[in-house]
Amino acid sequence: MRLTDIPSVSSVLTRMESLTQLAKDPKSLVSFPDLLEREFAKQRDNQTVPDGKSQSIDSAKSTLPEPNFKPNSKDELGTNQNGSLLETIESIAESQGMDPNLVKAMVKAESGFKTKAVSPKGAMGLMQLMPETAESLGVKDPFDPEENVAGGVKFLKGLLKEFKDPEKAIAAYNAGPGAVKRYKGIPPYEETKQYVSKVKRFYKDFSS
């Protein structure tokens with residue numbers, strides 16, 4: 001089942017069109033195609049794909065093992081001044097007109113809900129933002145749950161607006177928008193294909 005077949009996801013794209021003026025922060029009005037291309041261009045390494053050709057892929061993402069998510073585990077979810085981490089994620093997602101379950105699925109896939117997670121390439125926090133990407137999104141403290149999720153959601157929202165397809169946006173979050181454009185869909189990178197499948201599975205879990 002494709003994410004676009006799920007009404008709650010499809011409605012995100014519709015809501016986004018009416019929410020372009022939602023954020024008051026001038027950074028939220030940045031040209032996302034330009035931002036995404038610039039930031040991901042700085043974070044790419046060469047990777048050999050099945051056809052033997054060398055292609056670039058976002059090096060920000062680590063090959064972390066799949067997190068063992070336990071909704072009632074205080075160690076994994078923790079708390080902050082605004083309540084539980086899940087409630088914070090839901091609140092931020094809704095404030096930006098995004099599907100909370102999609103954002104939770106992304107956070108689980110990225111960091112396993114670990115606020116201090118750092119990848120081998122330096123991606124930080126819940127939504128694994130690279131330092132330059134975080135700066136471009138106005139995130140001053142990538143390890144602050146609210147700031148990190150707000151930046152990551154803004155980033156994902158820009159990808160959704162750019163590609164008009166949740167699966168392509170998810171793939172672009174992992175492999176970079178350039179790769180998605182080049183292949184006109186999910187790139188043939190094993191890591192990215194597994195990442196998209198993982199997010200879809202987590203989304204289904206959170207939506208059930």
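Quick notes on this one:
- Some residue of the range 109-122 being assigned to a helix (DSSP H, G or I), of a type outside the set (Ser, Thr, Tyr) and buried (at least 24 other Cβ atoms within 10 Å of the Cβ): yes
- Among the residues listed as Glu76, Glu66, Glu146, Glu37, the single one being open to solvent by 10 Å² or more (accessible area, probe 1.4 Å), over 21 Å from Asp205 (Cβ atoms) and at pLDDT below 95: Glu37
- Across the range 148-167, not a single residue is classified as touching an Asp or Glu at 6+ places or on another chain (Cβ under 8 Å), aliphatic (A, V, I, L, M) and at negative phi.
- The condition (being within 13 Å of Gln128 (Cβ to Cβ) and of a type outside the set (D, E, K, R)) is satisfied by just one residue among Gly151, Gly176: Gly151.
- Residues that are assigned to a loop (DSSP other than H, G, I, E, B) and closer than 22 Å to Leu86 by Cβ do occur in the range 143-157.
- Within the range 130-141, if we keep just the residues that are open to solvent by less than 20 Å² (accessible area, probe 1.4 Å) and free of Cβ contacts under 8 Å to residues at least 40 places away in the same chain, the residue that is nearest to the chain's Cα centre (by Cα) turns out to be Ala134.
- Of the residues making up the range 184-204, those that are touching a strand residue (DSSP E or B) at 6+ places or on another chain (Cβ under 9 Å) and either closer than 23 Å to Ser136 by Cβ or surrounded by fewer than 20 Cβ atoms within 10 Å (Cβ to Cβ) (or both) are Pro187, Pro188, Glu191, Thr192.
- Screening Lys157, Lys168, Lys164 for residues that are touching a residue at least 60 places away in the same chain (Cβ under 8 Å) and either closer than 21 Å to Pro131 by Cβ or in contact with a helix residue (DSSP H, G or I) (Cβ under 6 Å, 6 or more places away or on another chain) (or both) leaves exactly one candidate, Lys157.
The values are calculated or read from the model by the stated rules, or taken from the named source; none is laboratory data. Computed from a prediction, not measured in an experiment: that's the story for all the values here. In this analysis, Cβ positions are derived from the backbone assuming ideal geometry, glycine residues included, and neighbour counts consider all displayed protein chains. Ligands, DNA and RNA are excluded from the accessible area calculation, which covers all protein heavy atoms including side chains. Shrake-Rupley method; radii C 1.70, N 1.55, O 1.52, S 1.80 Å.
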